[in-house]
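The values are calculated or read from the model by the stated rules, or taken from the named source; none is laboratory data. Keep in mind it's a predicted model, so treat the numbers as computed, not measured. Ideal geometry is used to build each Cβ from the backbone, glycine not excepted, and the neighbour counts take in all protein chains shown. Only protein heavy atoms, including side chains, enter the accessible area calculation; ligands, DNA and RNA are left aside. Shrake-Rupley method; radii C 1.70, N 1.55, O 1.52, S 1.80 Å.
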Amino acid sequence: MNTADRYQHREVEQKWRDSWERAKLDVADIIAAKKPFYNLMMFPYPSAEGLHVGNMYAFTGSDIFGRFKRMQGFDVFEPIGLDGFGIHSENYALKIGRHPMDHAEITQKNYYNQLHNIGAMYDWSRTVETYDPDYYRWTQWLFVQMFKHGLAYRGKAEVNWCPGCKTVLADEQVIEEKCERCGNIVEKKQLEQWFFKITAYAEKLLANSYTLDWSEKIRVAQQSWIGKKEGITIRYSVVTEDGTKVSELTCFTTRPDTNYGATFVVMAPEHPLIGELFGKRKAGKDIKRAPSQGNAVISVQIYNYIDASGHKTVQERANEGRKKTGVFTGYYCVNGLNNKKLPLYISDFVLKDFGTGAVVGVPGHDKRDFEFAMQFDIDIERVVIAKDGDTSPISRIEQVQEEDGVMVNSGFLDGASIHDAIPKMMDYLEEKGWGKRVTTYHLRDWLISRQRYWGPPIPMIHCPTCGWQPVPEKDLPVVLPRIDDYKPGDDGVAPLAKHKDFYNVACPKCGQAARRETDVSDTFLDSSWYFLRYPSVSLDSRDPWDPKITKKWLPVHLYTGGAEHSVLHLMYSRFVAMALRDFGYIDWDEPFTKFYAHGLMIKDGAKMSKSKGNVVNPDEYIARYGADSLRLYLMFTGPYDQGGDFRDSAMEGMSRWVQKVWRMAQKSMSEHSHESSATVKKALHKAIKKLGEDIERRRYNTAIAAMMELVNAVGEEQGVMGAEDLKDFLKILAPFAPYMTEELYQMITKSQYTFTKSNSIHTQPWPAYDPELLVEDTVQIAVQVNGKLRDTIAISYQLSAIREEVENVARASDRVAKHLVGKTVNKVIFVPGKLINFVV
């Protein structure tokens, strides 16, 4: 085969990478841009030494859209960098016995080489690496601003401790009681840590989420994680069996209307009232009933139950349908509505973080309460019924009334709907002084501290006299020193705490001897603001970002990334933006105008992972088939928001199609055809229209299918296209296959131009389609008789709008005529180009 008949991807790709770099093709004119479009893909975190094909799937989809917008006339800024600080990179470095600083250099070289090869239009003049002191100087600056404005605080709390990663984790980094990174079961520890007060923005984060132009599943995930609940806290007197009051207990509920049906109260095993009622833990014999408050001896039965609960995960405790367990405390709670004494239990189906950690049991109207009542032979009362509903005693879970209904056996609420009864009961409880309306959130403050080495040191100093003081901004960055004993320990003490030359400092306020914080900050702090830094990277500024440039380019126009970050990075970035606006540094509070969640690439039906041995290295496929073939194949596997399954056989098929396009273009150029056939021209303009629509919706798989149809149509028409039509075809293919299309486009135009940024195919306008060429030659008209379809007729487009012509053709149809024989046509309903209906 002649080499000209085969696309030589290696030579072509290297040639155009060099040419694009010399021409600064992808360097955005940040200052002079008239139509800015900030196209951002989540930057990768280097958890190993290179990217796998799943990463390339995500980056390619984002890049295609950026290239498309540039051809539409936008000044597109598409930056890239590395989220290289943090536990992902550090754990891999530890695994292979390499210092994290050395590992960062190696991964940066490898990752950037791979990202160059995939053919993305990244602006390499403005990269961001989170481990660069010039970057984390401003991450530390951000921490200082949070502290100065009261949003960063140090507090002792029960935190999530990962024994595998040897550090604390934020709630969002714990998935089903396991570390989201290493999969180890997370333990609970009491530690002093730094927190950001994200809960101060819970309501704003929630309210704004309903207005975001984001993928629906991301918005819903954020709303669920924020977990707003509006209800009321109700105070109950805690009494002994003889009615002696010993304490009070507060329960939270969203359904106070059912409280006439309350028959017991349950508190979580961690509830502080347990210590108040039973004193400190001491050895003692098992007793059937707990003593009065004065005796500091706890029932062994209760003690053993609390111990057993501590070994269960939150998921195990919350699972629906699980057999309910618990222990009676010997105390009662008095229901002020009817003065009934409700037995007080401890049960692990109640979670300490839900409401107040105690709930009132209404088994007639809550399935979990019903299961508990059945297990402990507690009364079940009905106080809500459906209209004309069953009022008999409740004996089965199917009879539990959790839906809309009418109040019964509820005193002043009888006859009211539950919607009217809820606020009415809240008013009553508040008037009596027993209750208070409250709003609760699942969202907890963001835990920032990490007891690791590889991260930006937290810029705080503790002075025995002045307390915690921020490092002066002029002294930033606090540079992470290179140490040899960087491995984390089991004691929760950070590696930097072993180095006196790091932590022994003077108090910036009084000058006395003080101690620098030795924890580093969470990697999600590094990435919570990086999008602000990108446009200002190359500018000579003493600020983290240039105000004028930021006002011009932000918020980000389109952000693409994985759904797994919906309650991590995306939530944190929104919070940071809101805080920075309130501090007066920016004038918007939502960082991403539009967010698009891409799907997941799998391999032979399973998620890619090293443990499964099914990780696909893109370098091998680029070397064998070329970057264009890989890009096209990845986008053809399925809708971009759903992902696809990588299969070698299909990859080979896409490579053959790329070669087919190359041969078609070569033949078209060699035969000097000035015009395409009418069929080819029609197919081209149909493809132009469809690709414009499909790329806008990120339906890349159907866009590629449309180009395949076009190439097939060309093959049926002598296999050639006219020169101008071929250029238009290459333009719509260019976002998907940037290397080959540039080569072919310059082959067509090289006699007229020397390559420059302005005559690259990637800076040409997106081709327009001719609407007249999209008109079908014939139109299918549905023919009905009395509304029933009897036939479908084909008629020329020109005649399809003329009633008489359509009616004549329709009447001539045998299928229609037999339904008109002997009938009188009273009326003819005609919709031009679509339908004709004979009413007989």
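Data overview
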{"quantity": "Every residue from the stretch 740-763 that is of a type in the set (Ser, Thr, Tyr), without any contact (Cβ under 8 Å) to a residue 40 or more places away in the chain and open to solvent by 30 Å² or more (accessible area, probe 1.4 Å)", "calculated": "Ser751, Tyr753, Thr754, Ser758"}
{"quantity": "Any hit, the stretch 581-598, residues being in contact (Cβ under 8 Å) with a residue 24 or more places away in the chain, among the small types (Gly, Ala, Ser) and crowded, with 18+ Cβ neighbours inside 10 Å", "calculated": "yes"}
{"quantity": "Test set (1) open to solvent by 60 Å² or more (accessible area, probe 1.4 Å); (2) under 18 Å from Ser538 (Cα atoms) - Leu25 fails condition number", "calculated": "(1)"}
{"quantity": "The stretch 640-668 - residue that is crowded, with 16+ Cβ neighbours inside 10 Å and under 33 Å from the mean Cα position of the chain (by Cα) and, of those, farthest from Tyr621 (Cα to Cα)", "calculated": "Asp641"}
{"quantity": "Residue within the stretch 749-756 that is under 30 Å from Met669 (Cβ atoms), touching a helix residue (DSSP H, G or I) at 6+ places or on another chain (Cβ under 6 Å) and assigned to a helix (DSSP H, G or I) present", "calculated": "no"}
{"quantity": "Subset of the stretch 194-224 [in a helix (DSSP H, G or I) and either in contact with an Asp or Glu (Cβ under 8 Å, 6 or more places away or on another chain) or of a type in the set (Phe, Trp, Tyr) (or both)]", "calculated": "Ile198, Thr199, Tyr201, Lys204, Asn208"}
{"quantity": "Conditions (1) at pLDDT below 95; (2) small (Gly, Ala, Ser); (3) surrounded by 14 or more Cβ atoms within 10 Å (Cβ to Cβ); number of the one not met by Gly415", "calculated": "(3)"}
{"quantity": "Residue list for the stretch 150-163, filter: surrounded by fewer than 17 Cβ atoms within 10 Å (Cβ to Cβ) and modelled with pLDDT under 80", "calculated": "Ala157, Glu158"}
{"quantity": "Enumeration of residues in the stretch 669-719 that are loosely packed, with under 15 Cβ neighbours inside 10 Å and touching a Ser or Thr at 6+ places or on another chain (Cβ under 6 Å)", "calculated": "none"}
{"quantity": "The stretch 49-78 - residue that is assigned to a loop (DSSP other than H, G, I, E, B) and free of Cβ contacts under 8 Å to residues at least 60 places away in the same chain and, of those, nearest to the chain's Cα centre (by Cα)", "calculated": "Glu78"}
{"quantity": "Pairs, first modelled with pLDDT of 95 or more in the stretch 246-275, second buried (at least 24 other Cβ atoms within 10 Å of the Cβ) and in a helix (DSSP H, G or I), C-beta under 6 Å, six or more apart", "calculated": "Pro256/Met425; Asp257/Ala421; Asp257/Met425"}
{"quantity": "The stretch 807-819: number of residues that are surrounded by 13 or more Cβ atoms within 10 Å (Cβ to Cβ) and either charged (D, E, K, R) or touching a helix residue (DSSP H, G or I) at 6+ places or on another chain (Cβ under 6 Å) (or both)", "calculated": "5"}
{"quantity": "Leading residue by the ranking (farthest from the chain's Cα centre (by Cα)) among those in the stretch 820-840 that are polar (S, T, N, Q) and open to solvent by 80 Å² or more (accessible area, probe 1.4 Å)", "calculated": "Thr824"}
{"quantity": "All positions within the stretch 193-234 that are in contact with a Gly (Cβ under 7 Å, 6 or more places away or on another chain) and of a type in the set (D, E, K, R)", "calculated": "none"}
{"quantity": "Val471 over 29 Å from Val350 (Cβ atoms) and out of contact with any His (no Cβ under 7 Å at 6 or more places or on another chain)", "calculated": "yes"}
{"quantity": "Test: residue in the stretch 553-568 that is more than 22 Å from Arg698 (Cα to Cα), surrounded by 14 or more Cβ atoms within 10 Å (Cβ to Cβ), in contact (Cβ under 8 Å) with a residue 40 or more places away in the chain and not hydrophobic (A, V, I, L, M, F, W, C)", "calculated": "no"}
{"quantity": "Lone unmet requirement of (1) farther than 21 Å from Asn55 by Cα; (2) open to solvent by less than 20 Å² (accessible area, probe 1.4 Å) for Ile118", "calculated": "(1)"}
{"quantity": "Some residue of the stretch 277-294 being within 23 Å of Ile378 (Cβ to Cβ), at pLDDT 85 or above and surrounded by 12 or more Cβ atoms within 10 Å (Cβ to Cβ)", "calculated": "yes"}
{"quantity": "Tally of residues being closer than 29 Å to Glu187 by Cα and open to solvent by less than 20 Å² (accessible area, probe 1.4 Å) across the stretch 498-530", "calculated": "12"}
{"quantity": "Failed criterion for Phe412 (all others in (1) more than 42 Å from the chain's Cα centre (by Cα); (2) touching a residue at least 60 places away in the same chain (Cβ under 8 Å) hold)", "calculated": "(2)"}
{"quantity": "Exclusive hit being aliphatic (A, V, I, L, M), out of contact with any Lys or Arg (no Cβ under 8 Å at 6 or more places or on another chain) and open to solvent by 20 Å² or more (accessible area, probe 1.4 Å), set Ile96, Ile87", "calculated": "Ile96"}
{"quantity": "When residues of the stretch 386-400 are limited to those that are touching a Lys or Arg at 6+ places or on another chain (Cβ under 8 Å) and open to solvent by 30 Å² or more (accessible area, probe 1.4 Å), the one nearest to Val438 (Cα to Cα)", "calculated": "Ile397"}
{"quantity": "Subset of the stretch 195-211 that is more than 13 Å from Asp589 (Cβ to Cβ) and aromatic (Phe, Trp, Tyr) - its residue that is surrounded by the most Cβ atoms within 10 Å (Cβ to Cβ)", "calculated": "Phe196"}
{"quantity": "Test: residue in the stretch 33-40 that is under 24 Å from Asn617 (Cβ atoms) and open to solvent by less than 20 Å² (accessible area, probe 1.4 Å)", "calculated": "no"}
{"quantity": "Residue within the stretch 212-233 that is open to solvent by less than 60 Å² (accessible area, probe 1.4 Å), basic (Lys, Arg) and free of Cβ contacts under 8 Å to residues at least 40 places away in the same chain present", "calculated": "yes"}
{"quantity": "Count of residues meeting criterion [surrounded by fewer than 24 Cβ atoms within 10 Å (Cβ to Cβ), more than 16 Å from His116 (Cα to Cα), touching a helix residue (DSSP H, G or I) at 6+ places or on another chain (Cβ under 6 Å) and among the aliphatic types (A, V, I, L, M)] in the stretch 614-639", "calculated": "1"}
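Conditions (1) open to solvent by less than 70 Å² (accessible area, probe 1.4 Å); (2) of a type in the set (A, V, I, L, M); (3) touching a Gly at 6+ places or on another chain (Cβ under 6 Å), marked per residue:
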| residue | (1), (2), (3) |
| --- | --- |
| Pro765 | no, no, no |
| Val775 | yes, yes, no |
| Ser796 | yes, no, no |
| Glu805 | no, no, no |
